[in-house]
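Contents: one structure, followed by commentary.
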Amino acid sequence: MERIFSNKDLKKLIIPLILEQALAITVGMADTMMISSVGEAAVSGVSLVDMFNNLIISILAALATGGAVVTSQFIGASRKEEACRSAKQLLWVNALITAVISFLVILGHRLILNLFFGRIEEDVMRNAVLYLIISALSFPFLAVYNACAALFRSMGNSRVTLKVSVLMNLINVGGNALCVFGLKMGVAGVAIPSLVSRAIAGLCLYVLLRNPDNVIHLSRERFRFEWDVIKRILYIGIPSGIENGIFQLGRVIVVSIIAGFGTAQIAANGVANSLDSMGCIVGQGMNLAMITVIGQCVGAGDINQVRYYTKKLLLITYGATAVTNSLILLFLQPILGLYGLGKEATELAYILVMIHDGLAMLLWPASFVLPNMLRACNDVKYTMVTAIFSMVTFRIGLSLVFGVYMGMGAVGVWAAMVADWIFRVCCFVGRYFRGTWRKRCNL
């Protein structure tokens, strides 16, 4: 059998994706460390808003995923003209939707914070308000960046997105250092460089995507809405957006529960989240690779290669996730010392990271990478329903039981997260082996 992707092709796709994820997460950790110098109230305010920002970003990423699935399938089917049409529709739809979201967030910023996080300390709220408003201004630029990056990945060209990501993050880190340490701008010193870097990155990818030498490119023809293409993108994007939105909303609700435990637990949770992201670097990169690889296999109509690459990518993810998380746990004490938190927050962050990274080696890839195989096969409703049910029942419901009613605090909340993972693994692995997804991709 002639493989659609050689090992060399996979390396060219996957390695830049992993490096890009590592870069983004490392910069996020650097941001947290820098803002830690301002005080725990600043760390808490930024970490709370970041949970809401992740809700918005995940919805935008889901729309980009819808476009990536459709264009990957068109490429696999050798229908390049339709792939270019879908690219242009994705970019415009994503940008318009995000502009509306950004306007609504700026308009109702305090209402949003009160709704999600309730009564929090005044100095935390003040930092959160400033950070949220500036962040919302960057959403449209981030939407353009996400859409263009997804299209380059659909072509298997992840080197371009890595290079632009390096530029974006250099601007972000350099700006943070200048604004936080040099200009003493506090929370604004983290938010403004993010806005500038996202705007530059979005513009760069947009210009590069207009190159007609690309397999997928933006034509110079006058734009008009093509509803058949948009419907196909939204068929993937809307369920994925709802799923991602509910997942992030659930995380916001969980953080609001933690917010009631005090500033030290909020700070520990924020630091633990940044470290936990390091353990999932490979998995996040493989999430993106799975869309491209399986999407092209679906477009080519090859069921055997869908199965082959699903197993191959999952095995790579499991091996790399085990190595990464083991290293984090081995050096956890000195890493936590870099954050400058108080004794209580540091000890709690240690426990939370041990829970997450210790069990992520067994559960995370099947919980979050395998579902992208199903999405690439158009089996989006099942992943949406499963993820929403699991989030509401386990991550939120058990967080209230363990964290609040049983008095376990943040540790109980993270134990509920593990229960959510176990349920997701059972459902998605079962779905794969039953083969029900085949009906969705018309193979």
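The values are calculated or read from the model by the stated rules, or taken from the named source; none is laboratory data. Just so it is clear, the structure is predicted and the values come from calculations on it, not from any experiment. Please note: Cβ atoms are built from the backbone with ideal geometry, for glycine as well, and neighbour counts cover all protein chains shown. For accessibility, only protein heavy atoms count, side chains too; no ligands or nucleic acids. Shrake-Rupley method; radii C 1.70, N 1.55, O 1.52, S 1.80 Å.
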Taking Kirkwood radius over Cα pairs in Å straight from the coordinates, which label in (1) 23.2; (2) 22.0; (3) 29.1 is the correct one?
(2)
Around Phe394, what is the net charge, scoring Lys/Arg as +1 and Asp/Glu as -1 over all other residues with Cβ under 11 Å from its Cβ?
+1
Gain in span if fully extended, Ile351 to Ser78, counting 0.36 nm per residue against the direct Cα distance
93.2 nm
At R0 = 51 Å the Cβ-Cβ FRET efficiency linking Lys343 and Leu111, nearest 0.05, sits at 0.90
Solvent accessible area, Å² - Ile396, 1.4 Å probe, full protein context
30 Å²
So between Thr393 and Lys381, what do we pick up on full extension, going 0.36 nm a residue minus the alpha carbon distance?
2.5 nm
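With a sphere of radius 14 Å drawn around the Cβ of Phe152, what net charge do the other residues whose Cβ falls strictly inside it have (Lys, Arg +1; Asp, Glu -1)? Walk me through the numbers on the way to the answer.
On the way: positive: Lys12, Arg153, Arg159, Lys163, Arg210; negative: Glu20, Asp213.
Charge balance near Phe152 sits at +3.
Within the set Lys8/Lys381; Lys11/Lys381; Lys80/Lys381; Lys12/Lys312; Lys163/Lys381; Lys163/Lys184, which residue pairs have Cα atoms separated by over 25 Å?
Result: Lys8/Lys381; Lys11/Lys381; Lys80/Lys381; Lys163/Lys381; Lys163/Lys184 exceed 25 Å.
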In the neighborhood of Phe225, defined by Cβ-to-Cβ distances under 15 Å, what is the net charge if each Lys or Arg adds +1 and each Asp or Glu adds -1?
+3
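With the other protein chains left in place, how much accessible area per residue, in square angstrom, belongs to the stretch 153-308 at a 1.4 angstrom probe? If you can, show how the numbers build up before the last one.
Numbers: 6230 Å² over 156 residues.
Counting only protein heavy atoms, the per-residue value for the stretch 153-308 is 40 Å².
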Given charges of +1 on the Cβ of Lys and Arg and -1 on the Cβ of Asp and Glu, with all other atoms neutral, how large is the dipole of the chain about its Cα centre, in debye to the nearest 20?
1500 debye
Cα gyration tensor shape of the stretch 319-369, rounded if a/c is under 1.5, else prolate or oblate by comparing a/b with b/c
prolate
If you roll a 1.4 angstrom probe over the protein chains with everything in place, what fraction of the accessible area of the stretch 260-378 belongs to carbon and sulfur, to the nearest %?
65 percent
Once the whole set of protein chains is in place, how much accessible area is left on Ile200, using a 1.4 Å probe, in Å² to the nearest 10?
70 Å²
By the rule of another cysteine's Cβ lying under 4.7 Å, the cysteines of the chain that fail to get a partner are Cys84, Cys148, Cys179, Cys204, Cys280, Cys297, Cys426, Cys427
Over the stretch 323-443, with neighbouring protein chains present, the accessible area per residue in Å² at probe 1.4 Å is 43 Å²
Roughly how many debye, to the nearest 20, is the charge dipole of the stretch 1-77 about its Cα centre, given +1 on each Lys and Arg Cβ, -1 on each Asp and Glu Cβ, and no other charges?
380 debye
What is the stretch 303-400 by shape, rounded, prolate or oblate, if you read a ≥ b ≥ c off the alpha carbon gyration tensor as root eigenvalues and call it rounded for a/c under 1.5, prolate for a/b larger than b/c, and oblate otherwise?
oblate
Which listed residue (Met51, Ser194, Val160) has the Cα farthest towards the positive end of the charge dipole for the chain, taking +1 on Lys and Arg C-beta and -1 on Asp and Glu C-beta about the Cα centre?
Val160
Using a 1.4 angstrom probe and counting only protein chains, how large is the accessible area of Asp50 in Å², to 10?
50 Å²
Taking the chain as the reference, fit the longest principal axis to its C-alpha atoms, fit the long axis of helix 303-330 to the helix C-alpha atoms, and give the angle between the two in degrees, 0 to 90, nearest 10.
20 degrees
Dipole of the chain (Lys/Arg Cβ +1, Asp/Glu Cβ -1, origin at the Cα centre): which of Val418, Leu370, Val392 lies farthest to the positive side?
Leu370
Taking the chain as a Gaussian network, where each spring joins two C-alpha atoms under 10 Å apart, which residue of Val100, Val369, Val293 fluctuates the most?
Val100
If Thr292, Thr324 are ordered by their accessible area, calculated over protein heavy atoms with a 1.4 Å probe, which sequence runs from highest to lowest?
Thr324, Thr292
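Applying a 10 Å radius around every beta-carbon, put 171-177, 69-75, 140-146 in order of their mean neighbour count, most first. Numbers along the way, then the final one.
Values: 171-177: 18.7, 69-75: 28.0, 140-146: 25.4.
The packing order, highest mean first, is 69-75, 140-146, 171-177.
Would you work out if the stretch 127-238 is rounded, prolate or oblate? Take a ≥ b ≥ c from the square roots of the eigenvalues of the alpha-carbon gyration tensor; rounded if a/c is under 1.5, else prolate when a/b is larger than b/c, oblate otherwise.
Prolate, since a/c reaches 1.5 and a/b exceeds b/c.
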Where does the chain land at 222 nm, in deg cm²/dmol rounded to the nearest 500, when only DSSP H runs of n ≥ 4 count, each adding -39500 (n - 2.57), divided by all residues?
-27500 deg cm²/dmol
